[in-house]
Each structure stands twice: as C-alpha cells, then as structure tokens.
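Please read the structure below before turning to the comments.
The values are calculated or read from the model by the stated rules, or taken from the named source; none is laboratory data. Predicted, not measured: the structure shown is a model, and the values here were computed from it. With ideal geometry, Cβ positions are generated from the backbone for all residues, glycine too; neighbour counts draw on all protein chains shown.
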Amino acid sequence: MVEPRTAILVVNDDDASRYMVGRILEMAGHRVVEAATGGDALRLAEQLRPDLIVLDVKLPDINGYEVAARLRSHTETASIAVMHTSATFVTADKRVLGLDSGADAYLTEPFEPAELIATVKSLLRLRHAERELRQRANQLAEADRRKDEFLAMLAHELRNPLAAIMTAIGILERKQTEDAKETRMRSIINRQTHHLARLVDDLLDVSRITRGKVELRRDRVDLCAVLQQVLTLMQPVAEGRKLHLESTLPGRPLWLNADATRLEQVFTNLLDNATKYTDAGGSITVHVSQEGVDGGARAVVRITDTGIGIPAHKLPSIFELFAQVDESLERTRGGLGIGLTLVRNLVEMHGGVVFATSAGAGKGSEFVVKLPMTMSLPALARSTVSTDDRPRQRRILLVEDNSDARQALKDLLELWGHQVEVAQDGMGGVALALEGRPDLALVDIGLPGLDGYRVAQELRARVGENIRLVAITGYGGPEDRHRAIQAGFDHHLVKPVKPDELDRLLSDL
Ligand code: ADP
C-alpha cells in the first residue's frame, strides 16, 4: 500500500504542466513540492529526500537525463524513484537513454490522470519493497559481521587457556614415568589439545579471512614443491588410517606467484578431508598438471578419493561456512565445517578456483584446484619485490563523467605519485589518449556519447596493445566482466573501487 503522505517532487519549467501534475498527485493524497529547473530539482532532492521525482526531460538548465544521472551517482539521492515525463513524442533510443541514466519509468504527455497515478503508485510500491529489502540486507550483513567478530574473539579467548595447557603438557612430558597408564593419559591430553588448537586456529583464520583481514605473502613458488611437502606430512596420516596415498606430479616445476604457507594450508585441508572421509582400505590420489599456455596457463591439482562421496544436492553448498554433509547427531567424522571455506577463500585470493565433484554417496569425491601460473621470468622477478616497494610512477588517463568521482580518483592517484590526465566523456578520452599516449587508462563504462566499451574498442584499434585498459563499472557480474574483456579491457574493477585493490592492480600491471 502507498502511504498517504509520500513526498513527490514535480520538476517542469512549464508552469501549466507542473501545476496540473502537482494537483493530480495532491488529490491522490501525496505531498507535492515543485521545481522549475534542474538545479533546483537537485538541491530540493538533497534537502527534502522525496520518495519520487516526476522529472520533465526538457529543462532550461540541466536536462532531465543528466539530473537523473546525478541523482543516481550520489548515495543520499540514489534511491529516490525517478519518473521522466516529456511533452513531445520521444523516440525509443531517447527512452532508453532516460532509463539508462537512472529513470525508473517514462510517461509522454498528454497522459490521463489515472495513468499518472497508477504509474506513481507502482513506482512507490517498488521503492518501498526495495527499501525493505535493503534494510533486511543491512540487518543481515550486520548480524553476519557480529558473528564474524564473535568468532574472532572466541578463538582469541580460547587461545590463552590452550597455550597454558600446552606449556603444562610440555613440562609434564619432560618428567619420566614408568606408569603405562599415565603415559597413555598424557598422550591423549597431548593429542586432543593439539586437535583443539588446530580447530581454534581454523576458526580464527576463517573469521579473519572472511573479514578480509588476511593478506597473502606472495613469492615465486613451485607448486610441486609445496605439494611434495604436504604429501610427506600426510603420508603417515594416511598410513595410520590404512589408506593408500599416491601422487603423479609433472617432472618440472609449476611456478606460481603465491603464498606457500597458505597453499600448504589449502592442500593439507583437502588431503586431511580425503583421509577423514575415506574408510580404511580406500585410496587417495593427487594428480598435478598444467592446462593452457602463456598468460592463460593454470596449474591443476586433482585430489581424488574412494571415500563416502557427496550427494549431488549437497555439492553446491559444501564450501559454505559450517556446511557439513553428515548432519546426524553422532557425526562420527567430526569437524566444524570450516576447512572448505578456508580452502575456497584462499584459492580465490590467489585468483584460482576450486570445485568438487562426486558420483554420489559411497562413490568417492574429487576436489579440483586451479591456480593461475606466472607467465614470464621478468614478471616473476617483479612479483617477488617486497610489498613496501612503491609501484613506479605511471601516466594515467582517467575517463569519468561524474565530477566528484573523477576528482577523488585523480587526487588519490596523484597522491600515489602518478601523473594523471582526465576526460569527462568518451570522445575526450580517446583524443587525450592519442595525444598523450598514457601507460594506462581507467575508463568508466557509463559515459555520455561514446560509452566505455566503445572507448576501449577505439583505443585498441588506434593505439594497439601499448596501453593497459581498466574498466570501472557499477556492474560486477561475470557477463559484464566478459563484455569488458571482449571490448579490449585488460581488467575490470567494480565501483566503488577500493583503494587497496586499485593500488594492487597498478603495481601488478
Ligand atoms: P569438516 O570436515 O570440518 O566438517 P570441511 O569444510 O572441511 O569441514 O568440509 C565440509 C563438509 O564437506 C564435510 O563435513 C563433509 O561432509 C564434506 N566433505 C569434505 N571433503 C570430503 C570428501 N573428501 N569426501 C566426502 N565428503 C567430504
């Protein structure tokens, strides 16, 4: 239901039209405020935060498309519903432009009062539902954040008593004893305390990783050497559980730009699971290979077991935090359901993917990890530079039509020591790139006139590969990324661009 006193801002420089729309809406129970120019509309929108703006396209100062785009680009006004009106017939591409610039609906005059009221009602209903969803999402995000914080605190608090127990065990172990029972008890305490410590470590790790508090210490790493190390550690575990563990590694190094300790953690977790979820007499194989070449080369690790398998309907969720297939109370194989979440996060932080397959319960499982390999030696040499080395100064072209966003990003890049040129539309951007030959262009996708995709195509055609192209867009879906890469971009950053991410990208390029 529409609330009776929703506020609507009616913007039209034609007094008669504005008056008419205003009275119709007032009679429908809304509170109406009027403006005759784009400038006034923006000011009132910010001051009054109306629920809806009925915005004529043709205004004396700033046109309606631009007003809508500016409203959308400011967080305070971004969620206000916008309905464009136009006095003359508008072509389909103008309507598309209107909707693209952020309007939610379009009405062409003359319209019936009933049509206006119905459109307004449906827009308000949509906004209302959207607002509720957003609120709910915020509440959930807040609850999730509190849960992560609680886990971090819990793990942290558990560490202190555990540390004291471990020290005490260490002292006890030095004391010789002849008593077989006491020796057995000590070794139980020792084993179980280490097990507890590992669980607490995982808990702390997962809460830090999911809160983005873990940074990789990357170096040039041979994946085969990492796996060899993990296999040496896991061999006795497998033997202890009467499992056959075998591996096929290529007879040459597979170089990655990776954090060796974190990779060990990934493969130890996967192998530990394989030993845990396979009954005595079963076997586990680790197979390592390379797929693709040059820039697209990836190292592929397949860990296959003949164990209890995973039912198809559980496969999509096993990487979720606390997910466990066996939900029975006895849960003979234990665990907290954290390991695979850690694995996935760590693999993705390395730019890789991990997935599981299984023919079903009782039919074994396969976990596949794919990690990007480093390309050439010079690139490798650069990747081992210590993190406090600043990236070298670059000539950067920034194409962004939103003036605040443009200025802020320019300031930031200059603060990092780069030389920055700016353009506010696509045509201007291409012209500057041809003239100044920058090392890199950061290009917004939603630009007036020539959009970001066309800017990239144009630059690839005219400057070739001598420029790095980075798209900056509000759309982060795989298809948007794909479209950007197709257009010639090397990278795709989603708004709001995080300074860390941008800094990393600039130093990696
Ligand atoms: P945990 O093993 O501590 O329960 P994980 O996050 O490592 O947590 O694994 C989540 C769930 O995925 C496990 O509880 C188990 O049900 C399933 N799983 C993981 N690895 C395997 C495997 N190799 N075979 C069968 N099921 C597995």
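When 59, 55, 44, 116 are checked against the criterion of being crowded, with 17+ Cβ neighbours inside 10 Å, outside the structural domain of residue 33 (by TED's automatic domain parsing) and at pLDDT 90 or above, 116 stands alone in meeting it.
Residue-wise test of (1) out of contact with any Gly (no Cβ under 6 Å at 6 or more places or on another chain); (2) of a type outside the set (D, E, K, R); (3) at pLDDT 95 or above.
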position	(1), (2), (3)
261	yes, yes, no
277	no, yes, no
286	yes, yes, yes
292	yes, yes, no
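Would you say residue 5 is surrounded by fewer than 17 Cβ atoms within 10 Å (Cβ to Cβ) and assigned to a loop (DSSP other than H, G, I, E, B)? Against the criterion (surrounded by fewer than 17 Cβ atoms within 10 Å (Cβ to Cβ) and assigned to a loop (DSSP other than H, G, I, E, B)), residue 5 qualifies.
Listed residues 158, 124; which is assigned to a helix (DSSP H, G or I), touching a residue at least 40 places away in the same chain (Cβ under 8 Å) and more than 24 Å from residue 58 (Cα to Cα)? It is 158. Scanning region 36-77 for residues that are of a type in the set (D, E, K, R) and in a helix (DSSP H, G or I) turns up 40, 43, 46, 66, 70, 72.
Only one of the numbered conditions (1) at pLDDT 90 or above; (2) among the β-branched types (Val, Ile, Thr); (3) touching a strand residue (DSSP E or B) at 6+ places or on another chain (Cβ under 8 Å) is violated by residue 90, and that is (1). Screening residue 275 against (1) within 16 Å of the ligand (Cβ to nearest atom); (2) farther than 22 Å from residue 364 by Cα; (3) not hydrophobic (A, V, I, L, M, F, W, C) leaves a single unmet condition, (2). Where helices (runs of 4 or more DSSP H) fall wholly inside region 420-494, the ranges with 3 or more residues that are in the same structural domain as residue 507 (by TED's automatic domain parsing) and in contact with a Phe, Trp or Tyr (Cβ under 8 Å, 6 or more places away or on another chain) are 478-487. Filtering region 58-79 to residues that are in contact with a strand residue (DSSP E or B) (Cβ under 9 Å, 6 or more places away or on another chain) and farther than 23 Å from residue 445 by Cβ leaves 58, 59. Scanning region 332-354 for residues that are more than 8 Å from the ligand (Cβ to nearest atom) and either more than 23 Å from residue 218 (Cα to Cα) or modelled with pLDDT under 90 (or both) turns up just one, 332.
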